[in-house]
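The values are calculated or read from the model by the stated rules, or taken from the named source; none is laboratory data. None of the values given here were measured: they were computed from a predicted structure. Note that we place each Cβ from the backbone using ideal geometry, even for glycine, and neighbour counts take in every protein chain shown.
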Amino acid sequence: MARLDINAVGKSFGPVRCADGLSFAVEPGEIVAVFGPSGSGKTMLLRMIAGMYEPDEGDILVGGQSIVGAPPERRGVGMAFQNFALFPHMTARNNIASGLRARAGNEDVASRVKSISKLLKIEHVLGHMPRELSNGQKQRTALARALIGNPDVLLLDDPLRNVDAKLRYEMRLELPSLLRRSSAAVLYVTQDYREAMAIADRIAVLVGGRLVQLARPEEVYARPASVAVARLFGDPSINLAEVEPQVGQGGLSADVAGTRVRLDSGDRTGAQGPCWLGVRPDDLVVTRNAGDDAIPARVVAITPMHERAVLLLRFADGSEWLAALAPDAPVASADDDVFVRFAPESALLFDRATGLRVGQPDRRQAA
Ligand SMILES: Nc1ncnc2c1ncn2[C@@H]1O[C@H](COP(=O)(O)OP(=O)(O)OP(=O)(O)O)[C@@H](O)[C@H]1O
């Protein structure tokens with residue numbers, strides 16, 4: 001059992017800065033999802049840990065020992081990729097065993113292949129060639145090969161991208177306990193925020209090669225460090241409006257599309273001046289009743305989406321927001337005039353100049 005430490009790691013290709021002062025640690029048995037937009041440096045981070053590239057600056061340590069410059073097979077690192085990368089001329093059994101032979105000499109290969117394939121439910125296809133395996137079986141075979149050598153660090157690069165939706169769902173449920181059993185420090189790259197939230201203990205959000213937030217999934221969702229992070233989490237994505245909040249008798253309030261709306265009066269230090277107001281579509285309530293804090297809107301369109309109804313709403317100033325309503329919520333029809341409300345505590349505020357969330361004690365750099 002060994003901890004993975006990434007210390008001030010930087011890497012550039014010409015003008016492209018794909019890692020910029022990355023620092024964080026992954027504990028043994030912990031799963032950290034690396035999440036961010038395409039090109040944010042997720043795969044490059046994994047490649048530097050695996051030894052396919054070396055960092056320009058900083059250090060990478062496993063169990064307190066630097067692995068920078070060490071040959072890939074001596075790093076104690078196992079990897080599985082989105083494209084499976086199985087040897088096409090070898091059976092599943094030999095593919096799995098290759099993960100062990102590269103690392104150790106006189107192990108009892110057969111019994112270890114057997115126990116790992118039992119765990120991953122692929123015992124019955126061990127004699128098959130990769131072309132005879134389904135994508136799900138290939139993915140499990142690649143995972144078995146990565147796990148069989150009991151690596152200190154396990155790197156998974158979007159391992160569920162090429163499997164079908166049903167298997168992806170099942171694996172999201174199964175993977176965390178499977179991975180924790182190995183006691184490896186796991187870095188799990190994904191482009192799917194739901195997968196990151198389902199699988200990880202913590203999520204490292206990368207934007208432009210920089211770590212913009214590292215926190216538990218619910219924390220990243222509820223308290224995104226910046227407007228860029230807020231936009232990455234949620235489907236439909238967060239509604240935004242330009243506001244200038246002011247402190248009055250009833251706490252903080254702002255004009256939203258011409259209506260004065262109360263915002264949370266809690267910890268909002270620095271929340272005055274030009275801000276982005278962010279409200280998640282799930283946090284909107286759509287009613288037919290006017291009243292305090294109710295913004296008049298017209299329903300432009302309704303679309304079903306994952307068991308919910310998503311309403312496209314247009315305010316009097318022409319701006320549009322989306323509301324995602326629970327299946328049992330009374331649904332309006334297109335062209336209806338309605339009122340939109342949200343609880344003050346569901347309002348997120350971001351400084352418009354820096355993009356950082358305001359009223360947040362532990363601020364990180366904006367994306
Ligand atoms: N060998 C290379 N030579 C030059 N530039 C590279 C190389 N590898 C990666 N890059 C650049 O580094 C940046 C980060 O790439 P990386 O593959 O790590 O992104 P990613 O976050 O994994 O993206 P995706 O989600 O699309 O896989 C990109 O701008 C990419 O073009």
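Here are a few things to note about the model shown:
- For Gly76: the one exception among (1) within 15 Å of the ligand (Cβ to nearest atom); (2) among the small types (Gly, Ala, Ser); (3) surrounded by 17 or more Cβ atoms within 10 Å (Cβ to Cβ); (4) in contact (Cβ under 8 Å) with a residue 60 or more places away in the chain: (1)
- Of all residues making up segment 159-178, the number that are in contact with a helix residue (DSSP H, G or I) (Cβ under 8 Å, 6 or more places away or on another chain) and either within 16 Å of the ligand (Cβ to nearest atom) or not hydrophobic (A, V, I, L, M, F, W, C) (or both): 7
- Residues in segment 307-330 that are surrounded by fewer than 17 Cβ atoms within 10 Å (Cβ to Cβ) and without any contact (Cβ under 8 Å) to a residue 60 or more places away in the chain: Glu307, Arg314, Ala316, Gly318, Glu320, Ala326, Pro327, Asp328, Ala329, Pro330.
- Any hit, segment 35-53, residues being more than 13 Å from the ligand (Cβ to nearest atom) and modelled with pLDDT under 95: yes
- Filter result for the condition that a residue is of a type in the set (Gly, Ala, Ser) and surrounded by 14 or more Cβ atoms within 10 Å (Cβ to Cβ), over Ser253, Ser333: Ser253
- Entry remark, segment 184-213: residues being within 16 Å of the ligand (Cβ to nearest atom) and either surrounded by fewer than 19 Cβ atoms within 10 Å (Cβ to Cβ) or not assigned by TED's automatic domain parsing to the domain that holds Ala19 (or both) number 4 in total.
- Breaking point among (1) basic (Lys, Arg); (2) within 16 Å of the ligand (Cβ to nearest atom); (3) out of contact with any strand residue (DSSP E or B) (no Cβ under 6 Å at 6 or more places or on another chain); (4) within 28 Å of Ala2 (Cβ to Cβ), for Arg181: (2)
- For Ser115, the requirement of being more than 16 Å from the ligand (Cβ to nearest atom) and either part of a loop (DSSP other than H, G, I, E, B) or among the hydroxyl-bearing types (Ser, Thr, Tyr) (or both) is met.
- Filter result for Leu120 (within 16 Å of the ligand (Cβ to nearest atom), within 24 Å of Ala196 (Cβ to Cβ) and either in contact with a Leu (Cβ under 9 Å, 6 or more places away or on another chain) or not assigned by TED's automatic domain parsing to the domain that holds Ala196 (or both)): no
- Within segment 141-164, residues that are among the polar types (S, T, N, Q) sit with their Cβ atoms under 8 Å from residues that are within 16 Å of the ligand (Cβ to nearest atom), at 6+ positions apart or across chains, in these pairs: Thr141/Phe84; Asn162/Gln82; Asn162/Asn83; Asn162/Phe84.
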